[in-house]
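See structure below.
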Amino acid sequence: MVADDVYRITEQIEGKTRRRSPLKHRRAGDFRKVPTPATVRDSLLSYAHDVGADQNGFLLRTQRSAYWAHTTLDYQ
């Protein structure tokens, strides 16, 4: 989070391989700014405080993988 209402995305998880990859349609070093409602920001900060991030700095993860994929969200 780079501001109270902005989340900066610098990479994505490739759907099939579930590996970190550059953002689509962006050059190296570019990012996306995503508006973040206050309720989402507060929830993420609370979760980060209670659970914490892993050794790579990832907050949301699964037991099988260090990353969430679209199938994780579908399952949930």
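The values are calculated or read from the model by the stated rules, or taken from the named source; none is laboratory data. Every value quoted in this text rests on a predicted model; they were computed, and no experiment measured them. FYI the Cβ positions are ideal-geometry reconstructions off the backbone, even for glycines, and counts take in every protein chain you see.
Restricted to region 12-59, and to residues there that are among the aliphatic types (A, V, I, L, M) and in a helix (DSSP H, G or I), the residue that is farthest from the chain's Cα centre (by Cα) is A38. For the residues T10, T36, T17, the requirement of being of a type in the set (S, T, N, Q) and touching a residue at least 24 places away in the same chain (Cβ under 8 Å) singles out T36. So T17 passes all but one of these: (1) over 21 Å from A66 (Cα atoms); (2) exposed (fewer than 12 other Cβ atoms within 10 Å of the Cβ). Which condition number does it fail? Exception for T17: condition (1). Report yes if T71 is at pLDDT 90 or above, on the phi < 0 side of the Ramachandran plot and not charged (D, E, K, R), otherwise no. No, not satisfied. Within region 34-72, the set of residues being aliphatic (A, V, I, L, M) and surrounded by 10 or more Cβ atoms within 10 Å (Cβ to Cβ) comprises V34, V40, L44, L45, A48, V51, A53, L59, L60, A66, A69. The C-beta contact set for region 60-76 (first residue over 20 Å from S46 (Cβ atoms) and in a loop (DSSP other than H, G, I, E, B), second residue at pLDDT 70 or above and of a type in the set (D, E), distance under 9 angstrom, 6+ apart or interchain) comprises A66/D54; A69/E14.
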